[in-house]
Structures are given as C-alpha cells and as structure tokens.
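Please treat every number below as a calculation from the coordinates, not as lab data. As the structure is a computational prediction, the values presented were derived from the model and not from experiment. Don't worry about glycine lacking a Cβ; one is built from the backbone with ideal geometry, like all the others, and counts go over all protein chains shown.
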Amino acid sequence: MAYKFRINGILNMQYKRWIEILAVFLGMFSLMPIVLIPYIKISMFTMLLGITMISLLIAQLRQRHCQIYNPLVLKIFYFFLWGVISSIIGLLFFIKSGSISNEIIRNIPKLFVYIVLALQMAFRKRDNIPECFFYGIMLGCVANVLLACIEGWWLFYHHESIVQVLFSNFWENKETLDRNTFSITSAYGIRVAGFNYDPAFLGMIIPILLYFSIVNNKKFFFALSCLALACSQSTTAIVVFCLLALLYPKPIITNFKQIVVIIVIGIVVFISVGEFRENLWGYLVRINDVYLSSDINSNIRYIYHANILKVIFNNPVQFLFGTGFGTSSYGYFFPVPVDNVFMKLTFFPYDPESVFITYLFDIGVFGLMFYLYIVFYLYKMLKFNFIKIVVSSFVLAGLFYHYTLTASHMCALIFALATINKFDCKVTKAGKI
C-alpha cells in the first residue's frame with residue numbers, strides 16, 4: 001500500500017512516488033559530481049543519496065513485516081563487506097604510513113553507505129525505484145553530452161571554459177580548482193569533461209547514449225554523441241562503444257547504413273572547420289599513443305599491465321586479501337619501483353588505469369572474484385534493455401580507467417540486481433530498448 005505524507009496540508013502525494021522522484025534525480029546527479037550545493041560544499045548527489053536513504057528507512061519502518069524481498073542484492077552486499085575487511089587489513093599493513101592509511105580511511109565511509117543502500121534494497125519489495133534510477137542515468141548522459149558539445153564549441157571559438165566559469169564559485173580552494181580542471185587543453189587539442197572533473201569520465205557515459213541512439217534510431221542524440229566524443233577525445237569511450245557493438249551486434253547491423261552516412265557527414269563537417277579538424281586529428285594521434293604505441297613513456301596502461309606478476313610476487317598479502325581502496329599502486333612502487341617511469345613521478349598515484357587491476361590489489365583476488373561474479377551474473381540474467389547497456393558500459397570502461405568506487409557504477413550494480421526477474425524488457429521488432 002502506498003503511503004502518504006502532508007506538509008502543512010499543502011503537499012499531499014504518495015510516499016512511494018516521492019522516492020521514485022528522488023531515484024530519478026539520484027541517477028542523474030550520480031553523473032554530475034561537479035554540481036555542489038553552495039555554502040555547505042557537498043555534492044548534489046551526496047545530498048540526494050542521504051535523503052533517499054532516509055526516505056527508504058522511513059518506508060521500511062512503516063512496514064509491518066521485515067523480511068528480505070530481493071536476496072540477489074545481497075551479492076553486492078558481500079562485495080562491499082569484503083572491502084571493509086580488506087581496509088582493516090590495509091590499516092594494519094600500513095600502520096606506519098600515514099598518507100596511505102588516510103586514503104584507506106577516506107574510502108571506508110563510502111563502503112558503509114553502499115552496504116546500507118544494498119541492505120535497504122534487499123529488504124524492499126520489488127518496485128519501480130531501480131528503473132527510475134536508470135531513467136535518471138539516461139537524463140545524466142544527455143546532460144553530459146549536451147554540455148560537452150557546448151563546452152567544446154565555446155572553447156574552440158572563445159578559448160574559455162564555460163564550466164570553469166560557472167562552477168569555479170563552488171571551488172573556492174584554488175588548489176582544488178587547479179586539480180579539477182574540468183576541461184583540458186593539451187598538445188592533442190581540447191578535451192571537455194561535461195559535468196565531471198576529468199574528461200576520462202565521459203568514457204563510460206558517451207557509449208551509453210551513442211548505443212542507445214543507434215538502437216532507437218535517434219539521429220539527433222547520435223550526432224550529439226559523436227560530437228561529444230570528438231570534443232572529449234576519450235579513447236576509452238570509442239573502445240567501450242566498439243566492445244558494446246561486439247557484445248550486442250544486432251542493432252548495429254540493423255542500422256549500419258544510417259550509422260555510416262551520419263559518420264561520413266560528421267567527418268566532412270569536422271574536416272571543413274579548421275579547429276575541429278585539428279582536434280579530430282589530435283584524437284587519432286592520442287588513440288595511437290594510448291593504445292597502439294610501444295613507447296612505454298606514453299603508455300602508462302601498458303606499464304601497469306606488464307608488471308602485474310612482479311607486484312603479485314612482491315606483495316602476496318595485497319594480492320590475496322587486499323589492503324583497502326586507494327592502495328593498489330603500492331606494489332608498483334615498493335619495496336622498489338617496478339619500472340623506471342615510476343621513479344620520475346612526483347606524486348603517488350592511488351589507482352592504476354584499470355578497475356580490475358585496482359580491485360586485484362585493493363581488495364585482493366577474493367574481492368576481484370566477488371566483483372567478476374556479480375558482473376557475469378548480471379550479464380547472464382539481465383534482459384537486453386537500457387539497464388544492461390548502462391551496466392555493460394560502466395564495467396567495460398573499467399578495463400581502461402580507474403572508476404574504482406564511482407557512485408554511478410556502484411549504485412548501478414545495486415539497482416540492477418534489484419531489477420532481475422522483475423522487468424521483461426525484450427528487444428522489439430524495431431530493435432528498440
């Protein structure tokens with residue numbers, strides 16, 4: 001039965017609908033980490049997550065019976081619980097290293113928040129809240145792509161970042177502002193970030209909207225996604241989209257001719273405009289440097305992957321049990337750096353350029369097995385729908401970047417597990433999802 005609440009007799013709405021609305025905004029702002037609340041300086045997502053969890057708690061307390069309705073969500077509960085155990089091991093392991101211990105401690109509250117959220121969804125009857133969260137993810141993808149396109153155009157012609165101007169007031173600390181530069185201008189050209197701190201985060205966002213636009217024949221969204229792709233120069237995004245096309249090829253094959261036509265038109269437009277042409281060429285050069293070049297000085301991903309065995313043999317405790325989130329790069333530097341490139345760094349990178357390597361050393365091989373089990377279970381059980389595309393994009397992007405405890409990624413796994421056996425979203429004759 002739906003609950004109702006009143007505020008001074010003016011507001012009268014279903015309590016369940018209130019939580020669904022919160023879930024939509026929660027999904028949307030999970031992809032907008034730079035949007036902070038003025039004065040209190042916390043992210044909009046953090047505030048919404050707190051309100052959502054309190055609302056879920058109130059709804060749970062009003063229920064007459066307390067039982068587990070979604071046992072599948074407990075799969076990820078154990079993953080987060082193991083993360084806490086690994087963190088405790090890490091605090092003991094790094095007891096004499098204050099900076100690394102502080103990084104472990106910084107991530108522990110996140111684990112407890114995800115544990116509580118997972119339990120709340122496990123004790124809640126199946127409803128539309130998870131679906132509302134993924135609807136919000138869709139809105140967040142559109143918002144990021146739109147802002148990336150506007151930011152790219154403005155940077156090309158006015159040489160100024162709109163995002164930097166709009167959101168700099170949120171970051172009064174200059175050191176924080178310098179570190180979170182939002183958009184980047186480099187030798188390759190410009191790289192916009194949308195509503196994120198780093199353009200790399202568009203690597204898991206753009207493929208979602210790009211694939212969705214193809215499946216549903218949305219030419220406008222497809223064109224916007226391609227423009228955002230070129231403006232962000234995200235090598236992760238292009239690889240993730242190709243992997244999505246290999247995993248789910250039917251919609252791509254069905255709409256292949258239209259895709260080719262739009263891409264050709266887009267290339268012609270880019271070539272005809274000088275600034276865009278230079279950025280497109282820089283994008284191609286960057287793809288070569290990141291994924292194809294054999295020069296280790298420009299391919300940090302290769303260095304991390306090539307030295308995994310050395311790290312495992314040098315740090316068996318970290319490999320087996322993990323030492324907490326934020327410690328995965330430790331084995332690459334201690335007892336001695338495994339590669340000369342690490343000796344030149346003036347900072348300690350907390351995470352390698354891969355979620356899977358990060359988990360291997362943050363929470364050990366057992367924690368990584370937990371994660372892989374959840375991923376393969378979702379791939380097997382989820383019907384082909386938007387939810388499956390979102391989860392697939394987040395997971396595949398993790399092959400090439402450290403989206404370690406990213407809010408959108410973790411919440412997507414929780415809510416995706418809560419949808420299994422509820423929705424029957426099969427592909428229609430038109431190939432829509």
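Listed values, structure above:
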| quantity | calculated |
| --- | --- |
| At R0 = 60 Å, FRET efficiency that the Cβ-Cβ distance of Leu284 and Leu320 yields, to 0.05 | 0.90 |
| Length gained when the stretch Leu139-Leu399 is fully extended (0.36 nm per residue, less Cα-Cα span) | 91.1 nm |
| Karplus-derived HN-Hα couplings along segment 409-417 (A = 6.51, B = -1.76, C = 1.60, θ = phi - 60°), whole Hz, x at Gly and Pro | 5, 5, 5, 4, 5, 4, 6, 5, 4 |
| Model label zone, Thr254; criterion: amide N under 19 Å from point 7 Å along Cα-to-beta-carbon; scope segment 216-238 | 216-223 |
| Highest to lowest packing among 112-118, 147-153, 256-262, scored as the average C-beta count within 10 Å | 147-153, 112-118, 256-262 |
| Fully extended contour minus Cα-Cα distance, from Asn128 to Phe333, at 0.36 nm per residue | 69.1 nm |
| Phi to ³J(HN,Hα) by Karplus 6.51 cos²θ - 1.76 cosθ + 1.60 over segment 322-332, Hz, x for Gly, Pro | x, 10, x, 5, x, 10, 5, 7, 4, x, 7 |
| Computed E for Val165/Phe366 - FRET, C-beta separation, R0 56 angstrom, nearest 0.05 | 0.75 |
| Exceeding the 30 Å Cα-Cα cut-off - candidates Lys75/Lys219; Lys110/Lys388; Lys16/Lys218; Lys250/Lys310; Lys125/Lys250; Lys310/Lys383 | Lys75/Lys219; Lys16/Lys218; Lys250/Lys310; Lys125/Lys250; Lys310/Lys383 |
